[in-house]
Amino acid sequence: MGRTTNTTAVIFDMDGVLLDSEPAWKKAEYEVFTALGAEVLPEFTRRTASMTTAEVTAFWYKMYPWQGKSIPAVENEVIDLVSHYIRTSVPLSDGLLPLLSMIHTTGYKIGLSTNAPARLIPLVMEKSGIGRFFDAISSSDHEVKGKPHPAVYLRTAEKLGVIPTQCIVFEDSLHGLAAAKNAGMKTVVIPHPSLSSHTGFDSADIKISRLSDFTPKHLSALAGY
């Protein structure tokens, strides 16, 4: 039975939430920037993990200026590699399809807000046909600033025709969580196991270990009915 109260929206982040793509990004960035002479160390990749691709490329250029290729060209090399990995080896997150089905059946609008490049989104939407569940999609490519700025979440809420306080967000990163909070939205966080003890995630309304842990009771509690 669908909802009978005012429509509420659920908005998902993409990388690390819809699919386990973080390793693909790390691999692509390592391959591209190492080939350009950068020393891609964990202390740096931790800093770039939540940046947009443009910001990551600019970061590495500042650290290790290269010759012969423009920053946009190198950015596109990274995106091309990630595209390849998404097509060939990156799975959807466990529990995603049942969760999307449950939210859709309950009558919620569903949106996507991501820092990822816009041209990667169709590749993800094609996986198992999940695009059929989404009513609005936004990428930070089309905003002045990426997460933790709230713009990409506010944009999706606008497209969905709901106010920010009616939205529930699924995120996996501190920057993403901050963006959703800055937008005035309720939050569900699924941090990577290596980061789950970070106190920054305590500001989320609900913290879970995997998507399959989220139940209709959680949805009702966040919606306030």
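Worth a mention:
- Descending principal axes extents, region 12-146, alpha-carbon based, whole Å: 53, 31, 24
- Cβ-derived FRET efficiency at R0 25 Å, Lys207 paired with Asp135, nearest 0.05: 0.45
- Taking only Cα atoms of region 144-185, radius of gyration then Dmax in Å: 9.3, 26
- Here the relative contact order of region 54-158, from alpha carbon pairs under 8 Å that lie six or more residues apart, stands at 22 percent.
- Extension gain, Ile71 to Arg119, is 15.5 nm, computed as 0.36 nm per intervening residue step minus the present C-alpha separation.
- Low-density loop positions, chymotrypsin sites (Phe, Trp or Tyr not before Pro), region 20-81 - DSSP coil, at most 15 other Cβ in 10 Å: Trp66
- Cα shape, region 22-88, gyration tensor, a/c 1.5 rule: oblate
- In the chain, the inverse of the mean reciprocal separation of distinct Cα atoms equals 18.0 Å; this is its Kirkwood hydrodynamic radius.
- For the pair Lys145 and Tyr64, label points projected 7 Å from Cα toward Cβ lie 2.9 nm apart.
- Simple spin-label estimate for Ala35 and Asn182 in nanometres, 7 Å along Cα-Cβ: 3.3
- Cα long-axis angle, helix 71-88 against the chain (0 to 90 degrees, to the nearest 10): 60
- Only aspartates and glutamates eight or more places from Lys27 in sequence, or on another chain, were considered; those with a Cα closer than 16 Å are Asp15, Glu39, Glu43, Glu75, Glu77, Asp80.
- GNM flexibility winner over the chain from Ala118, Ala204, Ala73 (Cα, springs under 10 Å): Ala73
- Degrees between helix 96-106 axis and first principal axis of the chain (Cα, 0 to 90, nearest 10): 30
- Filter on Lys69/Lys159; Lys62/Lys147; Lys159/Lys207; Lys69/Lys186; Lys69/Lys147 - keep pairs with C-alpha separation over 31 Å: Lys69/Lys159; Lys69/Lys186
- Over the residues of the chain, the helix contribution to mean residue ellipticity at 222 nm works out to -12500 deg cm²/dmol, using -39500 (n - 2.57) for each DSSP H run of at least 4.
- Among the trypsin sites (Lys or Arg not before Pro) in region 179-225, those located in a DSSP loop and surrounded by at most 15 other Cβ atoms within 10 Å of their own Cβ are Arg210.
- Placing R0 at 22 angstrom, the Cβ-Cβ distance between Glu22 and His218 gives a FRET efficiency of 0.40 after rounding to 0.05.
- For the chain, the longest principal axis of the C-alpha atoms and the axis of helix 22-35 are separated by about 10°.
- Under the combined filter of DSSP loop state and at most 16 neighbouring Cβ atoms within 10 Å, region 98-156 retains these trypsin sites (Lys or Arg not before Pro): Lys145.
- At R0 = 22 Å, FRET efficiency that the Cβ-Cβ distance of Ser196 and Arg47 yields, to 0.05: 0.65
- Contact order normalised by residue count of the chain, Cα under 8 Å, 6+ apart, percent: 24
Readers should treat all values here as calculations from the given coordinates under stated rules, not as data from a laboratory. Here the structure is a predicted model, which means the values were calculated and not measured. Neighbour counts run over all protein chains shown; Cβ positions are idealised from the backbone, glycine included.
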